[in-house]
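The structure under discussion appears below in the form of structure tokens.
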Amino acid sequence: MAEFKTERRTITPRAQTLRKKPETREEKMIAALSPNLNVMVNAARVAGRRLVRDFGEISSLQVSLKGPGDFVSNADTLAEKTLIEMLSESRPDYGIVSEERQAVSPKNDSPFTWIIDPIDGTTNFLHAIPYFSISIALQYKEEIIAGIIFNPVTNELYYAEKGKGAFLMTPTGNMRLRVSGRTQLSYALVGSNGFSSKKNRELMEKMVDNVASIRYNGCTTLAMAGVAAGQLDLYVATRFKIWDLAVGYLLIKEAGGYVCDIHNNSGMDNIIQSQSVIAGNHKLKDQILKVIGD
């Protein structure tokens, strides 16, 4: 009888493409966000990694007057390109409004538009001051419904969705944001955007003897996030664009605060048109309106 030898063969299973499961606490927190927030956070984090690398090189460029400016301009452009590419890939029909590029109209009658600022606080970035941010807002028709403000150096992420509250995410956990409960204007710490315009200088002159102190941090988005977090009692400023205020407007309202212009109109269109913003709790808002008047 003929003998048959059995050959052992190892069958290698077909490789499967599996999405990497979140491992760190931070990754799990991000994965738990809504789909729109998840898209925004992932885009900001990718753009932020490049900005952190570029930020690390800024100090060595300070010897050149032209070098740092060109370098920062390129960093801004590349960050914007990354954000637009990632957001467009995830939501191809959404429109885009950005600081550096011409607006992209929504497709297929989509009511959604991204509003982005790749680097808010460019002057801080230029001088190697780690106080700048990436901001992304999502607008539905005429209303801001979600947004994030991300400082890639400190890894602090402020985020909010309409009707769901405002939060600060750090690698160690989430913290719900609440505006300051301070009620006396004379004890209030007020943020502003400095001497950027004649109107703003006039406002600061009116405020300076009526508040505890005025702070100018060079980054509007983070200043408004500071109001939402109760670190600043008020933010009063002039001369800005929609991408400077969009996320902060939502954060502060979701943190229990109030946002209006110097005429006490609370609509975003009114604020942009008047080029004036007051943000804080209701009691301090009423007091500062009396001080600065029209």
Largest-first ordering by accessible area, 1.4 Å probe, given options Phe55, Phe150: Phe55, Phe150
Dipole magnitude of the range 80-127 about its Cα centre (Cβ charges: Lys, Arg +1; Asp, Glu -1), debye to nearest 20: 80 debye
Solvent-accessible surface (1.4 angstrom probe) belonging to Tyr94, in square angstrom, nearest 10: 40 Å²
Kirkwood-based Rg to Rh ratio, the range 162-294, C-alpha trace: 0.94
Stretchable slack from Tyr187 to Glu89, in nm (0.36 nm times residue separation minus alpha-carbon distance): 30.5 nm
Contact order relative to length of the chain, as percent, for alpha carbon pairs under 8 angstrom and 6 or more apart: 14 percent
Degrees between helix 198-207 axis and first principal axis of the chain (Cα, 0 to 90, nearest 10): 70 degrees
Over the range 160-294, relative contact order from alpha-carbon pairs under 8 Å, at least 6 apart, %: 28 percent
Centroid-to-centroid separation of the range 229-294 and the range 150-181 [C-alpha atoms, Å]: 19 Å
Kirkwood hydrodynamic radius (C-alpha pairs) into Stokes-Einstein, the range 112-180, 37 °C and 0.692 mPa s, D in µm²/s: 251 µm²/s
All lysines inside 26 Å of Lys141 as judged from Cα atoms, apart from same-chain residues fewer than 8 positions distant: Lys81, Lys107, Lys162, Lys164, Lys241, Lys253
Accessible-area order (highest first, 1.4 angstrom probe) of the listed residues Trp243, Trp114: Trp243, Trp114
Extension gain from Val46 to Asn265, taking 0.36 nm per residue of separation minus the Cα-Cα distance: 75.1 nm
Accessible surface of the chain [probe 1.4 Å, protein heavy atoms]: carbon and sulfur percent: 49 percent
Cα pair distances of the range 81-223 binned at 5 Å [whole percent]: 2, 8, 14, 16, 18, 17, 13, 6, 3, 1, 0
Top positive-direction residue, dipole computed over the chain with Cβ charges, set Gln275, Val52, Val259: Val52
Fraction of antiparallel bridges per DSSP, the range 51-185 only, in percent to nearest 5: 90 percent
Cα-based helix-to-principal-axis angle, 66-90 vs the chain, degrees rounded to 10: 60 degrees
Listed residue (Ala75, Ile149, Leu284) projecting farthest to the positive dipole end of the chain, Cβ model: Ile149
Cα-based equivalent ellipsoid, the range 156-232: semi-axes from gyration tensor eigenvalues, Å: 27, 15, 10
Per residue, in Å², the accessible surface of the chain once ligands and nucleic acids are set aside, probe 1.4 Å: 54 Å²
Listed candidates [x] 20.5; [y] 19.5; [z] 22.1 - label of the one calculated as Kirkwood radius over Cα pairs in Å: [x]
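The values are calculated or read from the model by the stated rules, or taken from the named source; none is laboratory data. Computed from a predicted model, the values in this text were never measured in an experiment. Don't worry about glycine lacking a Cβ; one is built from the backbone with ideal geometry, like all the others, and counts go over all protein chains shown. Note: areas computed on protein heavy atoms with side chains; ligands, DNA, RNA excluded. Shrake-Rupley method; radii C 1.70, N 1.55, O 1.52, S 1.80 Å.
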